[in-house]
Each structure stands twice: as structure tokens, then as C-alpha cells.
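Trainee: Got a structure for you, written out below as C-alpha cells; questions coming shortly.
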Amino acid sequence: MSCHLHYRNQTLRRVALLAAGAALLVLFVLLDLATGTSDMTVGRVASALLAGPSAEGVDAVILWELRLPMTLTALFVGTSLALAGLEIQNITGNALASPSTLGVTSAASFGAALAITTGVTFFGQLWIGTTAAAFLFALLVSGLIYALSERRGMTPQTVILAGIVMNFFFLALQQLLLYGASPETAQLINGWTFGNLERSSGLSAAAAAGFTLVAALWLLPRAWAMTALTIGEERARSLGVPVTRLRVEAFLLSALLIAGAVSFIGTIGFVGLVAPHFAKLTLGDDQRFLIPGTILAGGLLMTASSVAAKLLSTGAVLPVGIVTSLVGVPFLFVLLLRETGGVR
């Protein structure tokens, strides 16, 4: 009876934390919408939102055409990268694994750099060509990692090793492009790698939201199997979990999430590492709660970083990738010490 009561109380606590996280996320979304060079209060933001996209007035134009696409892109890029990071950690059993570990982000960066260097355009637009190239290269490297890993049974070790190889390979190719590029082209390439929300649009927000929705719908019914996998591979197999198939599907889903997130606004570091760990610290390892908690944590981290990026700069918006890296580096250092036994 006491065990049942403890489980019930623990479940209620986790549900309450998720509800609090959702409320906090809504607050940060409104705060991000209200933050900018034109001073808009939260009340004016709410009024402009309720008026709809066809409303007239300065507030409505600023909100619906400029700020809302940036905020929604930040929100859903954060949720996509967070979910991708969680699944990469689940399938590799490595607490330090992240989207950057697999080399998908470096491949996307190289694809964008190649498009910028060669001047590839779609419908006469360079940004569409850059986005498409980044997305295609991210999917390409995912396929290569999968092919290399499958030769040895898709074990966590081969996934990480193949990812590290791809990461260094595409970073070297990008450096080669930078070395031979003109100063103007090099500046464009470097600007893309910072992760800048000023490239946001309704398309980027809708794409990232769609990837998050598809991932959540796939993951939630498999929460029990994912929880069993994190306990141990042999234990999961004994419970009837198809470990290899689950790893392959989760890896491909993670690759799609990363590609969709970084192909529009550039490389965003550490969200896929920090958000899952923050969710684990507050909610535990039960994937039924950890999956929605990671979604909330990713959205919170990115919207908070977007607010900070606006407040820390005057005029042009500071690239949000810089802010997430400033937050993520000390977190990674502490986590590394924990993993190696330096901090208890």
C-alpha cells in the first residue's frame, strides 16, 4: 500500500512539474514577443495576438510579421533539438551524446557553406538554396552513419564512432571552403554557423513544429520500450523490446529532427545536451514524463536564450547560438566532471 501511495504521489508531483513548466513556457513566449527595440508590453502583445494577423496597426504588423515567426521558430527548434538529444542519449546510453556528437549539424553547416560558396539558388533565392542544401546534407550524413553502424549491428559504440568521424570530416571540408572563399563569402558562411533567428519565417516555424509533432506522436506510444532500453539492453531484450529496430527508428527520427531544426537558422549548440538533462534532473528517467518534459525544457531554453539575445545586444539581434553555447559550456563541464567522477 505504501509503495502504491509513493508511486501515486510521485506521479502527481511529475504532472504538477509538467504543468508548471508549460505555464512558464507560455510566459517566456509572451516575454519574447514583448522584447525588442519597439517597447511593447505583454498586454499590447496579447491584444495584437487576439486581433489576428489581418489587424491593422503598428503592433499587429510588428508582432505577426516580425516577432511571431522568430519566437515560434525559437520555440520549435528548441523542442526539436531537445527531443533529438534525448533520443540520441537513449540509443547510445551516453549522457554526453548530443546532435553535434553525430556530426549531423556539421554536415548541415557544410551543406549551407557549399551553397553559399557556389551561389546555389531556388526560385531565385539564395536562402532557399542554402536551407535546402543544409537539410539534404544533414540527411545524407545520417544515412552514411546509419550505413556504417549497421555493418556492426547498430551498437551504441559504432553510432558514436561513425558520428565522430563524420563530424571531423565535414568540419574539415567547411574549413577548406572558408580558406578559399572571399572575405564576403566567408562572412556569410560564418554568419550562418552562429544560429541566427533573424532568418526565421513562417516556413521555418511550421517545419520545426511539424517535426516535433511527428516525433512526439512516434515516441509517446514507445515510452515504455524506451524506458526499458535506458535500463539496459539485455533487460530490454528479456522484456520483449526489439532493441535494434527501436535504435534504428529512433536514430532516423533524431536525424530528421536535427536536419529540420538547423537547416533554417543555422547551428544551435548545446540545446540537445542541456534540455534532456534538465528534464531528467526534475522528472526522472520515466520516458512517459521525460519526453514531454524534454519538449518543455527545449522550448524554455531556446525562448529564454532568444530573450537574452535581444537584451544583450543593441540594434542587431545577437545570434542565439552564441547564447546557448555560453549557457551550455559550463553545464557540459560540470556534467563531464560528474561522468568522470570529479564531482559527487
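Trainee: Tally time: how many residues in segment 145-170 are of a type in the set (A, V, I, L, M), part of a helix (DSSP H, G or I) and surrounded by 16 or more Cβ atoms within 10 Å (Cβ to Cβ)?
Mentor: Looking only at that region, the number is 6.
Trainee: Scanning segment 229-278 for residues that are closer than 19 Å to residue 149 by Cβ and not in a helix (DSSP H, G or I), which turns out most open to solvent (accessible area, probe 1.4 Å)?
Mentor: 242
Trainee: Same structure again: Take residue 195 and decide whether it is within 17 Å of residue 89 (Cβ to Cβ) and part of a loop (DSSP other than H, G, I, E, B).
Mentor: The answer is no for residue 195.
Trainee: I need a count of the residues in segment 200-224 that are of a type outside the set (Val, Ile, Thr) and crowded, with 20+ Cβ neighbours inside 10 Å.
Mentor: Residues flagged as of a type outside the set (Val, Ile, Thr) and crowded, with 20+ Cβ neighbours inside 10 Å within segment 200-224 amount to 8.
Trainee: Could you check how many residues of segment 93-108 are open to solvent by 10 Å² or more (accessible area, probe 1.4 Å) and under 11 Å from residue 192 (Cβ atoms)?
Mentor: 0
Trainee: Read through the list (1) in a helix (DSSP H, G or I); (2) surrounded by fewer than 19 Cβ atoms within 10 Å (Cβ to Cβ); (3) in contact (Cβ under 8 Å) with a residue 12 or more places away in the chain, then give the number of the only condition that residue 281 fails.
Mentor: (3)
Trainee: Is it the case, given these coordinates, that residue 120 is at pLDDT 85 or above and either open to solvent by less than 10 Å² (accessible area, probe 1.4 Å) or assigned to a loop (DSSP other than H, G, I, E, B) (or both)?
Mentor: For residue 120, the condition - at pLDDT 85 or above and either open to solvent by less than 10 Å² (accessible area, probe 1.4 Å) or assigned to a loop (DSSP other than H, G, I, E, B) (or both) - is not met.
Trainee: For segment 148-181, how many residues meet the condition of being at pLDDT below 85, within 26 Å of residue 264 (Cα to Cα) and of a type in the set (Gly, Ala, Ser)?
Mentor: The qualifying residues number 4.
Trainee: Looking only at helices (runs of 4 or more DSSP H) that lie completely in segment 1-92, which have at least 1 residues being modelled with pLDDT of 85 or more, in contact with a Gly (Cβ under 9 Å, 6 or more places away or on another chain) and surrounded by 12 or more Cβ atoms within 10 Å (Cβ to Cβ)?
Mentor: Helices (runs of 4 or more DSSP H) meeting the threshold: 2-34, 68-92.
The values are calculated or read from the model by the stated rules, or taken from the named source; none is laboratory data. No experiment lies behind these values; they were computed from the predicted model shown. Don't worry about glycine lacking a Cβ; one is built from the backbone with ideal geometry, like all the others, and counts go over all protein chains shown. Ligands, DNA and RNA are excluded from the accessible area calculation, which covers all protein heavy atoms including side chains. Shrake-Rupley method; radii C 1.70, N 1.55, O 1.52, S 1.80 Å.
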